[in-house]
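Enquirer: Once you've had a glance at the structure underneath, I'll fire off some questions.
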Amino acid sequence: MPLQTLIPLLIATPGVLFLMLGTIWLLGGHVSERAISRISKVIHVFLALLVAIMGREMWQRNMASMNVALGDWFTVAEYGFPLSLLIDKLSLPLVGMTVVLAGIVGSFSVRYLHRDPGFFRFFLLLHLFTFGALLVFTAGSLDLLVVGWEIVGITSVLLIGFFQYRPDPVRNALRVFATYRLADLFMLTAVFLSHHWFGTASWAGMFSGDWPSSAYKFDGAAATVIAVLLAFAASGKSSQGPFCGWLPRAMEGPTPSSAVFYGAISVHAGAYLLLRVEPLLHHSVIATSLVIFIGLTTAFLGTLIHRTSADAKASLAYAAQTQIGLIFAEIGFGWTTLAVIHLVGHAMLRTLQFLRAPSMLRDYHRVHAAAGGKLSPTGSHYESLLPSAVQIWLYRWALGRGFYDSIVERWVMAPVLTLARWLAIFEPKFPRQQPEAEPSAKVVETPVS
Amino acid sequence: MPVEYLTLPYLTTGLVCLLGGVVSSWRSGQPRKPAALAAAIAFVSFLGAAREVIAVGHGRLFDPLLPCFDADALDAVPMAFYAALTLMVVELAPKRDAGHRAMAGMLIISLATQIAYAAAGWTTLLSGWWLSCLPFVLGMFGVQHSTKLAIGLLLASCLALTAAVAVMHAETVGNLSHGGSLTFGLIILAVMCRKGVFPLHSGVVQAFEKGPLLPVALLFNGHLGVLLVAHSEASVLPQSARQAFDILSVLAVVSACIISIRAFAETKPRRLLAFLYVSQASFILAGIAAANIAGITGALVHWLALSAASTGLICIVRVLEVRVSSSENPLVHLGLAVKAPRLATFFLICGLALIGLPGTLSYCGEELIFHGTLANHPAVGITLLVTSAFNAINLIRLYGILFLGVLPKHVIDIPDALPRERWPLTACVVFLVLGGLFPGIIIGWRAETVQAIEKALGVAAAAMPQR
């Protein structure tokens, strides 16, 4: 089968599976746990096989990249939404990583979520997520990347609120969604401005040559604006810089989803975007400096909070944030190959850690016993170099998680809510004709026809 | 230019069926059946008209029996689509909303809207415009003391349009070339009152909050205000009109943004839904008023997507209210997804389609609107982008209030989507998703109108320097 067919097949498979399973369920059908787990295993093996064939073909033919143009999704006048897919030295490792890790997490979840009421929902969302992630990593244009980007975002939020009968996951899912949407604004603005100024948002239109030796075609302040917007968009997806508060909130979801989203794939999508537009970033000193600054400050904050976090998953989240911050800095410095190796290695390790998180204490005790009870605490070497007053100040700052939530609530949410309440002056209130019935918590709701 | 006719009297058949449905459901002991039958036949008739108009591809086709009605590329597709929405609402209406008066009232709204769509002259359009408000004024959905403002604004829109027509002395719809500033001022006032453009949005919000939800969905999803603006854009307008529509464009963008911010302070599902609806509906006006191909195409596509998605959402909210009385003003999250997972899923898909999730029809519509408005002025396009983000957050808030959280103790057992509800909602979701996956088909339906509007705009632009 030619590569031009394999790439669309790879991406479409999880999407079609999601649509089929979803339609069956909506129309009242039932799919058993066993059937779902078998279908998922078969699909993931199939996807892994496809990636292996693609990799082998590219290696044998010595191809640096493969572009598949599927025409336009829709066309209006001069504007067309290009459906083009790209597999190259950057996207192939990430596609492989996505397929393998999604398969591992799916296999793990069959047992982990056995008899959970949300079993079907989890797998439905996992397939949709796989589709979205594959689309992000193979998109041949910013337009198509946005599609996958949004799908990954919404599945992520729905899985954070997976345990929907508890108030905290619901609250945190909303917070994460709000952060995503605000960060996505930067991405969408970049896409539209790119079309507006350069008439294209495709990689082929923006860059010449194959990654990593590609060069940016355009010049001027407009390119800087787009680079800065994309840097912020990437920060949003990877929980960096001004958007660094959502990752620990996302830990409310089930452990397998935390592993695949926030340890492995979703959280690295921002780093992938920066790697993809790296020639554009290096075109602008402002954008490069911004990426390095965001990466290093988040890494510093993350490592401090990681050391003071009391719960395992939040601690892992901050550790992941730290490493992604370093990956951002590596991209900023132009060490792209190192960044890709770091990204893939980090994703693999973090997935393992997240999946082992529920039995972390047991693991620790086992290792402790195996070491003959001589396991000493680590990480106190660097702190001892600082004066004690600074140590205490940093400790308090880290315990308060950088006071990020308080800052956001006071300086972002409170003014918006005040404005929203003030806008009620445009809605005249008339005297009530009859007293409204207060919502009652005592009335028992019974089935109705 | 010779007058062309439809091969069969599709429009008369559709309108007569709806009228027959009004009479028979008024008299019947089981009003849902005749109402659904009438809506189904009307849908088939209007679909026939739409197919013929698209096949012919140009101009207006008059009805052979009643030449005061015609169908062109602008209104033929919405006619068939609106008939399908009517059928959906009739099927989905809970028993307590399906009394003979209510069913007759809903069919009157549908009939009136179809008359306005099919109108060949201003008098017919005006009669449809007035008739659509009649069921609310007559209290066919129960006494509505609390919706005086909403009814007042609806009547104000009727009066403004009547005055505009009286001042203009034009006969055929689409002939606005000799209108003055007063005429266009009145038309814009009529559109603002009807569509709830800021600062006149409180009427729509009140209608959603206190009024009968399903008839309100039918009333506002007719988008007669947009139809009027599109008709106006499709005729060669004088300079004064162009300025008036520029003002309307700015108002639409401001309206979308301000109302989306206002929604953050709201927790009642009906009001939150109203804010979402009004804000998203303003996108259509902003797109049409952008006066370029991308903007107009986006607006015409978004029109269909918004109507389908919002009708789905409104029906689900109503269905939930019937099942759980405390959902009208919940003190806490209701957590209904545990008991009604399919309704939750339908709600989520319709909601995400409303705010433009990729893969749904409104993504394509919004994308084109953004491109269209951005081409005119970047600030306008970016404001709409921000608004879309705010609306998405509000949608998830609404979903959270209704479906997530701890199930209140008083909700013991409620049924999930009944088969009667499941099929129309599935059809709605299929339309939104398939339309999103293959938007080229729907864009093709609207291409003729876009070309007509673009041609008219081009003629007006060419005429401008000479004046």
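Enquirer: When the Debye formula is applied to the Cα atoms of the stretch A:75-172, each taken as the same point scatterer, what base-10 log of I(q)/I(0) results at q = 0.10, 0.15, 0.17, 0.19 Å⁻¹?
Expert: Summing over Cα pairs of the stretch A:75-172 leads to -0.36, -0.71, -0.84, -0.95.
Enquirer: Further, regarding this structure: In whole angstrom, how far apart do the alpha carbon centroids of the stretch A:384-404 and the stretch B:352-369 sit?
Expert: The stretch A:384-404 and the stretch B:352-369 have Cα centres spaced 46 Å from each other.
Enquirer: Which whole-number percentage describes the relative contact order of the stretch A:244-384, with Cα contacts under 8 Å and a sequence gap of 6 or more?
Expert: Relative contact order for the stretch A:244-384 comes out at 30 percent.
Enquirer: Separate question: Determine by what factor the alpha-carbon radius of gyration of chain A differs from 2.2 N^0.38 Å, reporting the quotient.
Expert: Ratio of Rg to 2.2 N^0.38 Å for chain A: 1.06.
Enquirer: Next up: Under the √(5λ) rule applied to the eigenvalues of the Cα gyration tensor, what semi-axes describe the equivalent ellipsoid of the stretch A:140-209? Give them in Å, descending.
Expert: Listed largest to smallest, the semi-axes of the stretch A:140-209 are 33, 12, 6 Å.
Enquirer: Right, another one. I'd like the FRET efficiency for A:Val285 and A:Met348, computed as 1/(1 + (r/R0)^6) with the beta carbon distance as r and R0 of 41 Å, rounded to 0.05.
Expert: 0.75
Enquirer: With each label point set 7 Å from Cα along the Cα-Cβ vector, what nm distance links B:Val3 and B:Val406?
Expert: The modelled label-to-label distance comes out at 7.0 nm.
Enquirer: Related question: Work from the charge dipole of the protein assembly as shown (Cβ charges, +1 for Lys and Arg, -1 for Asp and Glu, about the Cα centre) and give the residue of B:Pro341, B:Leu224, B:Gly121 farthest towards its positive end.
Expert: B:Pro341
Enquirer: Okay, next question. Compute the relative contact order of chain A as a whole-number percentage, counting only Cα pairs closer than 8 Å that sit 6 or more residues apart in sequence.
Expert: Reported relative contact order: 12 percent.
Enquirer: Hey, what angle do you get for helix B:181-195 against the long axis of chain B, alpha-carbon based, 0 to 90 degrees rounded to 10?
Expert: In chain B, helix B:181-195 runs at an angle near 20 degrees to the longest axis.
Enquirer: What nm value, rounded to one decimal, do you get for the distance between A:Ala77 and B:Arg51 when each label is placed 7 Å out toward the C-beta?
Expert: Distance between label points: 3.3 nm.
Enquirer: In the protein assembly as shown, if every C-alpha pair distance is counted and binned at 20 Å from zero, what percent goes to each bin?
Expert: So the P(r) values, bin by bin, are 14, 45, 32, 8, 1.
Enquirer: Shape call for the stretch A:248-304 from the C-alpha gyration tensor, a ≥ b ≥ c root eigenvalues: rounded (a/c under 1.5), prolate (a/b greater than b/c) or oblate?
Expert: oblate
Enquirer: Now, a different point. Determine how large the accessible area of B:His58 is when every protein chain is in place; take a 1.4 Å probe and give Å² rounded to the nearest 10.
Expert: Estimated to the nearest 10 Å², B:His58 gives 90 Å².
Enquirer: To continue, here is another question. I'd like the accessible area for B:Thr297, computed on protein heavy atoms only with a 1.4 Å probe and all protein chains in place. Round to 10 Å², please.
Expert: Accessible surface of B:Thr297 is approximately 10 Å².
Enquirer: At most 11 other Cβ atoms within 10 Å plus a DSSP loop assignment makes a site exposed; report the longest stretch of chain A without any exposed GluC sites (Glu not before Pro).
Expert: The longest such stretch corresponds to A:79-435.
Enquirer: Further question: Given a 1.4 Å probe and heavy atoms of the protein chains only, how would you sort A:Tyr216, A:Tyr165, largest accessible area at the top?
Expert: Descending accessible area places them as A:Tyr165, A:Tyr216.
Enquirer: Now a separate question. Treat every Asp and Glu Cβ in the stretch B:259-407 as -1 and every Lys and Arg Cβ as +1, leave all other atoms uncharged, and give the resulting dipole magnitude about the Cα centre to the nearest 20 debye.
Expert: Taking the Cα centre of the stretch B:259-407 as origin, the dipole is about 440 debye.
Enquirer: With the Cα gyration tensor of the stretch B:305-386 in hand, give its eigenvalues times 5 under a square root as the equivalent ellipsoid semi-axes, listed largest first in whole angstrom.
Expert: That gives 32, 13, 10 Å for the three semi-axes.
Enquirer: With all protein chains present and a 1.4 Å probe, how do B:His302, B:His100, B:His377 order by accessible area, largest first?
Expert: Accessible-area ranking of B:His302, B:His100, B:His377, largest first: B:His377, B:His100, B:His302.
Enquirer: Still on this model: Could you tell me what fraction of 2.2 N^0.38 Å the Cα radius of gyration of the stretch B:1-148 comes to, as a two-decimal ratio?
Expert: 1.06
Enquirer: Can you sort A:Asp210, A:Asp116, A:Asp219 by solvent-accessible area, 1.4 Å probe, largest first?
Expert: A:Asp219, A:Asp210, A:Asp116
Enquirer: Among all lysine pairs in chain A that are eight or more places apart or on different chains, how many have alpha carbons less than 28 angstrom apart?
Expert: Lysine pairs meeting both conditions in chain A amount to 7.
Enquirer: Counting each DSSP H run of 4 or more residues in chain B as -39500 (n - 2.57), what helix-only mean residue ellipticity at 222 nm follows after dividing by all residues, to the nearest 500 deg cm²/dmol?
Expert: -24500 deg cm²/dmol
Enquirer: Where the only charges are on Cβ atoms (+1 Lys, Arg; -1 Asp, Glu), what is the dipole of the protein assembly as shown about its Cα centre, to the nearest 20 debye?
Expert: Computed charge dipole of the protein assembly as shown: roughly 2480 debye.
Enquirer: Magnitude of the Cβ-charge dipole of chain B, K/R +1 and D/E -1, about the Cα centre, nearest 20 debye?
Expert: Result for chain B is approximately 1280 debye, rounded to the nearest 20.
Enquirer: Averaging sequence separations of C-alpha pairs under 8 Å and six or more residues apart, then dividing by the length of chain B, give the relative contact order as a whole percent.
Expert: The value is 14 percent.
Enquirer: If you don't mind, another one. How far is the Cα center of the stretch A:109-141 from the Cα center of the stretch A:355-374, in Å?
Expert: Centre-to-centre distance over Cα atoms comes out at 30 Å.
Enquirer: Also: Once Rh is set to the Kirkwood radius over Cα pairs, what Stokes-Einstein translational diffusion coefficient, in µm²/s, holds for chain B at a temperature of 25 °C and a viscosity of 0.890 mPa s?
Expert: For the chosen part, D equals 112 µm²/s.
Enquirer: Sum up the lysine pairs in chain B that clear both bars: alpha-carbon distance under 13 Å and a spacing of 8 or more or different chains.
Expert: 4
Enquirer: Got a sec? Which residues in the stretch B:378-420 would a label at B:Arg96 touch, if it sits 7 Å along Cα→Cβ and we count backbone N under 20 Å?
Expert: B:402-403, B:408-420
Enquirer: Between the stretch A:176-237 and the stretch B:22-97, how many Å separate their Cα centres?
Expert: Rounded to whole Å, the Cα centres lie 46 Å apart.
Enquirer: Using DSSP to define loop residues, name the trypsin sites (Lys or Arg not before Pro) in the stretch A:282-380 whose beta-carbon has at most 10 other beta-carbon atoms within 10 Å.
Expert: Passing both the DSSP loop test and the Cβ count: A:Lys374.
Enquirer: Please turn the phi angles of the stretch A:167-172 into ³J(HN,Hα) values with the Karplus equation 6.51 cos²θ - 1.76 cosθ + 1.60 (θ = phi - 60°), one per residue in order, whole Hz, x for glycine and proline.
Expert: Those phi angles translate into x, 5, x, 5, 5, 5 Hz.
Enquirer: Ignoring ligands and nucleic acids, what accessible area does A:Thr23 show with a 1.4 Å probe (Å², nearest 10)?
Expert: The accessible area comes out at roughly 70 Å².
Enquirer: Follow-up question, since we're still on this one. Grab the beta carbon distance between A:Leu417 and A:Phe293, set R0 = 30 Å, and tell me the FRET efficiency rounded to 0.05.
Expert: 0.50
Enquirer: Ok, one more. With only alpha-carbon atoms in the gyration tensor, what are the semi-axes of the equivalent ellipsoid for the stretch A:1-148, in Å, largest first?
Expert: Square roots of five times the eigenvalues give 29, 20, 12 Å.
Enquirer: One quarter of the convex hull surface, Cα atoms only: what value does that give for the stretch A:362-419 in nm²?
Expert: Projected area, direction-averaged: 6.9 nm².
The values are calculated or read from the model by the stated rules, or taken from the named source; none is laboratory data. Because the structure is predicted, anything quoted here is derived from the model rather than measured. We place every Cβ from the backbone using ideal geometry, glycine too, and count neighbours over all the protein chains shown. Heavy atoms of the whole protein, side chains included, go into the accessibility calculation; ligands, DNA and RNA do not. Shrake-Rupley method; radii C 1.70, N 1.55, O 1.52, S 1.80 Å.
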